[in-house]
Structure formats: structure tokens, C-alpha cells
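Novice: The structure that follows is given in the form of C-alpha cells.
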Amino acid sequence: MLPPQTILLGLRGSGKSTLGKLLAARLITDFVDLDVVTAGLLRVASAAEAIKALGLPAFREAEVRALQMPRAAAAGVLALGGGTPTAHGAIPALSALRAKGARLVYLRGTPETLRARLSATDLGTRPSLTGASVLEEIDRLFAERDPLYRSLADNVVAIGGRTIEESLEDVAAAIRQPLAKRV
């Protein structure tokens, strides 16, 4: 029997897509990246292109629509966009998935960890969300979103100082744990 749906949330650079693909392969289930579904819904090549062409508010609205689509609801492992939980209507949509048994796992990286990870990537593919550079905005986004992510998550997995393999083990262990009763 497959475990319930696993939904990964966290800031960019936390490993949602990378760990999501690996976790889905391990569980022999499908992986869906909500950024990809959202971009497809908006008929653009990527989330970055959608934000650049249509603006962040339009992208966030489309994220919520994508989150409510059968493809997202049926995914064994679903990686949210970093800002998905901040979109109007996202929390009720996540609550509906949770009511069907989904587990929300927050991949929590400190600003220092996220900055180091993002520094090793092509930053040109990631749009600024605040007007500051992608690396400079990490502290602000972390301060704004960390409390929200913690309040939504069934499990928090710290990614700092962990290899991909160790983080994968941590996520797999987290989703095997019995859930505490939700209030």
C-alpha cells in the first residue's frame, strides 16, 4: 500500500523538486512539480517566464487553480512553489488535500543554507520576488514565510548540513511517522 500523498513545501533552494523526484522514485509513485503545472496552465515555458510576463499576482492565482486540478491532487509526491502557501485560496486547497490524507513536509533551510545552495545554481532562471536580488531577498522571505510553513507542516525536515541522500532519508522517515491528531 502506498503512503498518503506527500506535499513538499519550503523556500526556493530547499530541494522540493530534487527531493520530490527522488522520493517519488523510492515510493514508486508519480511526482508533480506545481510550478510546471502552473506554467502549463498559463501556456508559458516556466514559472519564471509566467511571473515575468504576467506578474506575480496572476501567477499566484494560477498556482491555486493548479493546486486544485486532479493532476496535483492525484500526485504521490507534490512539490509546491515556494510561495504557493502565501497565495489567496491556497490554504483551503491544501486543507482539502490534507483532509484526504496528504502529509505536508516543510523542507526547512536557514537563510545561510539556502543562499549557499542558490549560489551554486543559475540565478538567471529565478525571478526576484521583492525587487532585491535573489540572494539578498532570502532573509526577508524566510522571515515572512517560515512561521506560515511551520504552521502548515505535519513534519519539518531540517536540510542544513545534510546531503541529498540524508535529506531523502529524513523525509522518508518523517512520512512514516504517525501523525499527531490534527486540531
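The values are calculated or read from the model by the stated rules, or taken from the named source; none is laboratory data. Because the structure is predicted, anything quoted here is derived from the model rather than measured. Don't worry about glycine lacking a Cβ; one is built from the backbone with ideal geometry, like all the others, and counts go over all protein chains shown.
Novice: In region 78-120, what count of residues is obtained for those that are closer than 18 Å to Ala48 by Cβ and either touching a strand residue (DSSP E or B) at 6+ places or on another chain (Cβ under 6 Å) or not hydrophobic (A, V, I, L, M, F, W, C) (or both)?
Specialist: The qualifying residues number 9.
Novice: Quick check on Asp139: is it more than 23 Å from Thr6 (Cβ to Cβ), at pLDDT 90 or above and surrounded by 14 or more Cβ atoms within 10 Å (Cβ to Cβ)?
Specialist: Answer is yes for this residue.
Novice: Which ones in region 98-122 are among the aliphatic types (A, V, I, L, M) and surrounded by fewer than 21 Cβ atoms within 10 Å (Cβ to Cβ)? Explain how you work it out, then say what you get.
Specialist: So the first thing to find is which residues in region 98-122 are among the aliphatic types (A, V, I, L, M), and the list is 99, 102, 104-105, 107, 114, 116, 118, 120.
Result: Ala99, Ala102, Ala116, Leu118, Ala120.
Novice: Could you give every pair whose Cβ atoms fall below 9 Å, whose first residue belongs to region 43-63 and is closer than 14 Å to Gly89 by Cβ, and whose second residue is of a type in the set (D, E, K, R) and in a helix (DSSP H, G or I), counting only separations of at least 6 or pairs across chains?
Specialist: Going by the 9 Å Cβ cut-off, the qualifying pairs are Glu63/Asp35.
Novice: So, one more: Could you list, in sequence order, all residues of region 31-47 that are in a helix (DSSP H, G or I) and among the acidic types (Asp, Glu)? Break it down stepwise before answering.
Specialist: First pass over region 31-47, keeping only residues in a helix (DSSP H, G or I): 34-41, 47.
Of everything in region 31-47, just one residue is in a helix (DSSP H, G or I) and among the acidic types (Asp, Glu), namely Asp35.
Novice: Take the residues in region 1-30 that are assigned to a helix (DSSP H, G or I) and among the basic types (Lys, Arg); name whichever of them is nearest to Leu118 (Cα to Cα).
Specialist: Selected residue: Lys16.
Novice: Another question about this same structure. List the pairs whose first member sits in region 156-174 and is without any contact (Cβ under 8 Å) to a residue 12 or more places away in the chain, whose second member is part of a helix (DSSP H, G or I) and surrounded by 13 or more Cβ atoms within 10 Å (Cβ to Cβ), and whose Cβ atoms are under 8 Å apart, counting only residues at least 6 apart or on separate chains?
Specialist: Arg162/Asp170
Novice: Could you run through region 1-51 and say how many residues are over 17 Å from Arg145 (Cβ atoms), among the hydroxyl-bearing types (Ser, Thr, Tyr) and within 15 Å of the chain's Cα centre (by Cα)?
Specialist: Number satisfying all stated conditions: 4.
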